[in-house]
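The values are calculated or read from the model by the stated rules, or taken from the named source; none is laboratory data. These numbers were taken from a predicted model, which means no experiment stands behind them. Cβ placement follows ideal geometry from the backbone for every residue including glycine, while neighbour counts extend to all protein chains displayed.
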Amino acid sequence: MSSLEDEAVEQNTVEGLTSSPSSDTDTSTGAIITITIGATVPTGFEHTAAEEVKEKIGSDARISKDRGRIYFPITTDKLFQVHLLCSVDNLFVVVAEFDCYQFKESKEETLKELQELASTLPWTNALEVWRLNRTLKKKKGHRKVGNTTRAKSKAAPSDVAASAEAAPHKLPQETSLADSDTKSVVTPDSETCQQDLEETANDAKVIKFRVTCNRAGDKHSFSSNEAARDFGGAVQEFFQWKADMTKFDIEVLLNIHNEEVVIGIALTEESLHRRNISHFGPTTLRSTLCYGMLRLCKPQESDIILDPMCGTGAIPLEGAIEFGESFYIAGDNNDMAVSRTVNNICHIQKRRAEKGSPSGLPIDTVQWDLSNLPVRTSSVDIIVTDMPFGKRMGSRKKNWDLYPSCLREMARVCRPGSGKAVILTQDKKCFTKAISRMGGLWRKLHTVWVNVGGLHAGVYLLKRTAAMFGQTPEDIYESRGRSDAHMNETDDKESSELQPNV
Ligand SMILES: C[S@@+](CC[C@H](N)C(=O)[O-])C[C@H]1O[C@@H](n2cnc3c(N)ncnc32)[C@H](O)[C@@H]1O
């Protein structure tokens, strides 16, 4: 650890608590450094995300106490790979972490301490990573032009964290790690040059920023607004940046979960889950959640994978892009859903063609009714689907007929012995009842509890038993009639309340 880091650690000691340093080495030399990346992921799929990080970046991720977050170290040369992860929603670079922050009793004292904290944090490397990240986004063409300004300071980066009394703190200078990297890799085209000219003109402008506080825990004497306001005020004073809630260059994150405090700088402007879908429907799933579901069933080369209730096609589209050695069939009984799926597929194909990549995707779309699929018995390897919860889509009452008939038809088309199904639903009672009556056809292997738009839902991994379809008592479907429909109305009341994640 460099002397700068030692200094930063000392400075971050708050009432005997020491913040974990966010990085290993000073960036002033332009060297590759190690930093900690934080990522928000679909709640329940933290382990899947950690697995993906290990597989693609080779780094061991730590799962935060705060569900839906993981942290992992990377060297800055791998920053671009972080943006290619399929299971992460938002990314940030960690400035400092406190595992056991002792908040003061009174609100005033706590907020004062948060204000004092701002000027003692080791910002330098995190800001350098923010800058490098901006260069990467520029290369990808994702950055929004006209929303970026930067100060042209020649002050050494190490000055940034040195003292609050020093001259107004600016961003790391031009000959930084980020820029040297850009020059060696990219030859600016005319568009980039134009951008650079605009940026030079904007250089004199002050940096705009905002602080976002996420707080969870019932023992805090302050609100997230108060923390964001007071911490933000201190950040503004320290750097002499300008607060702007909408057109900001830098978003500082203050994540407080019980005693855990993590300060970070956002590396994504919008969640990465928006990557595939251009034609949204009423219940479009996040691509990150689709990825988690697909990973659960481990698609293999030449597997036939069905989403019989595809909606906008979010699941099969994610599969066709990320697990492209399988073939996907996306179907729905609603013609609007089918045309949205077709449009989403076309949009991705067009985008790929524009980039010069092969535009074909292993996916087909069909309009069908799931209770009577035009698919041969025992011909499908995997079914991945998101069933109507009975809230925004369908009704709880209808689910009592729909779920058993779906599970039965899925069992018919799925290969006995090896077939799998991954099913998402929030109507857990109806699903559990339906599956308990089909023990001869399906075996429940595992459930992942997830949060879908604030609703506690289950992702069920099922294995098709070896029994031949047509030879088990469950094969004969009987409508449950009024008695079940009545039960369902009672269940509605119970399960409409949000349950805590387990
Ligand atoms: C929860 S939505 C799926 C959303 C989808 N995962 C997405 O990301 O857009 C359920 C879908 O099931 C479809 N559906 C309902 N009953 C069906 C049936 N009997 N056959 C086929 N599709 C059905 C609905 O039209 C709806 O699009």
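Observations on the model:
- Pairs, first among the basic types (Lys, Arg) in segment 393-412, second assigned to a helix (DSSP H, G or I), C-beta under 6 Å, six or more apart: 396/488; 396/492; 397/485; 397/488
- Of the residues in segment 264-287, not one is near the ligand (Cβ under 10 Å from one of its atoms), touching a strand residue (DSSP E or B) at 6+ places or on another chain (Cβ under 9 Å) and within 21 Å of residue 358 (Cα to Cα).
Conditions tested, residue by residue: (1) in contact with an Asp or Glu (Cβ under 6 Å, 6 or more places away or on another chain); (2) over 20 Å from residue 458 (Cα atoms); (3) in a loop (DSSP other than H, G, I, E, B); (4) touching a residue at least 12 places away in the same chain (Cβ under 8 Å).
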{"site": "263", "(1), (2), (3), (4)": "no, yes, no, yes"}
{"site": "268", "(1), (2), (3), (4)": "no, yes, yes, yes"}
{"site": "273", "(1), (2), (3), (4)": "yes, no, no, yes"}
{"site": "285", "(1), (2), (3), (4)": "yes, no, yes, yes"}
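- Set 455, 461: member being at pLDDT 95 or above and either within 29 Å of the chain's Cα centre (by Cα) or hydrophobic (A, V, I, L, M, F, W, C) (or both): 461
- Residue in segment 339-357 that is crowded, with 20+ Cβ neighbours inside 10 Å and of a type outside the set (Val, Ile, Thr) present: yes
- Residues that are free of Cβ contacts under 8 Å to residues at least 24 places away in the same chain and over 16 Å from residue 314 (Cα atoms) occur at least once in segment 368-375.
- Scope segment 257-284; condition at pLDDT 95 or above and surrounded by 24 or more Cβ atoms within 10 Å (Cβ to Cβ); matching residues: 262, 263, 264, 267
- Exclusive hit being away from the ligand (no atom under 12 Å from the Cβ) and either buried (at least 24 other Cβ atoms within 10 Å of the Cβ) or outside the structural domain of residue 421 (by TED's automatic domain parsing) (or both), set 292, 324, 311, 331: 292
- For residue 498, the criteria (1) within 29 Å of residue 41 (Cβ to Cβ); (2) at pLDDT 90 or above; (3) not small (Gly, Ala, Ser) hold in every case but one, which is (2).
- Count - residues of segment 374-412 that are away from the ligand (no atom under 13 Å from the Cβ) and either modelled with pLDDT of 90 or more or part of a strand (DSSP E or B) (or both): 10
- Taking every residue in segment 421-447 that is in a strand (DSSP E or B) and pairing it with any residue that is polar (S, T, N, Q), at least 6 positions away or on another chain, the pairs with Cβ-Cβ distances below 6 Å are 423/385; 443/465.
- Residue that is farthest from residue 400 (Cα to Cα) [pool: residues in segment 431-473 that are of a type in the set (S, T, N, Q) and touching a Leu at 6+ places or on another chain (Cβ under 7 Å)]: 465
- Candidates are the residues of segment 209-230 that are among the hydrophobic types (A, V, I, L, M, F, W, C) and part of a helix (DSSP H, G or I); the one that is surrounded by the fewest Cβ atoms within 10 Å (Cβ to Cβ) is 228.
- Every condition in (1) part of a strand (DSSP E or B); (2) within 14 Å of the ligand (Cβ to nearest atom) is met by residue 364 except one, and the failing one is (2).
- One residue alone among 371, 359 is within 9 Å of the ligand (Cβ to nearest atom), of a type outside the set (A, V, I, L, M, F, W, C) and modelled with pLDDT under 95, and that residue is 371.
- Meets criteria (outside any loop (DSSP other than H, G, I, E, B) and surrounded by fewer than 19 Cβ atoms within 10 Å (Cβ to Cβ)) for residue 233: yes
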